[in-house]
Amino acid sequence: MNSRACFLAIMVPVLFGAGCADTTNASVDVSGKSVTPAAFNVAGAPIVEFSVPDMMCPEGCGAKTKEILSEQPGAKEVVINFEAKTATVAVESDKFDAGAAIAALVDHGFEHSTLKSDADHLDASAVPAKQPAG
């Protein structure tokens, strides 16, 4: 084996290992001391909360849930709480259809999604009942 091949055989694993170690060390500070929470719904719009127990990972499922709900007509802002398996949506109450949002979640594999609650400001008649999956 020539010296260049030997060098690569030794350095490639070292470099990849160091890169992984740096990524691990760059994890989020969970103490909360250095994390500034993002403002949500500063306009005070009505909110609708969904239970999305089928979310399995924050990067994939959490992001997809946010994308699906953000695309719904009348959705203004979406916040995902992965640990609680919930999604909170600030809405325009006259344009947002919670039943359609649940149907969209179910269509994308989040089969056990339900309407968790609606805000005091949102008239219950503006939130359609969940249609049975099937």
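The values are calculated or read from the model by the stated rules, or taken from the named source; none is laboratory data. From a predicted model like this one, the values you see are computed outputs, not experimental measurements. Glycine gets a Cβ as well: all are built from the backbone with ideal geometry, and neighbour counts include every protein chain shown. Side chains are part of the model used for accessible areas, which takes the heavy atoms of the whole protein and leaves out ligands, DNA and RNA. Shrake-Rupley method; radii C 1.70, N 1.55, O 1.52, S 1.80 Å.
Selection of first residues in region 89-102 that are over 16 Å from K116 (Cα atoms) and of second residues that are of a type in the set (K, R) and open to solvent by 10 Å² or more (accessible area, probe 1.4 Å), restricted to Cβ pairs under 8 Å at least 6 apart or on distinct chains, gives the following pairs, ordered by first then second residue: E92/K76. Collect the residues in region 94-111 that are open to solvent by 50 Å² or more (accessible area, probe 1.4 Å) and either of a type in the set (S, T, Y) or closer than 17 Å to M56 by Cα (or both), keeping them in residue-number order. Within region 94-111, D107, H108, E111 qualify. Just to be sure, is S70 free of Cβ contacts under 8 Å to residues at least 60 places away in the same chain, within 10 Å of V48 (Cα to Cα) and either out of contact with any strand residue (DSSP E or B) (no Cβ under 8 Å at 6 or more places or on another chain) or open to solvent by 50 Å² or more (accessible area, probe 1.4 Å) (or both)? No, not satisfied.
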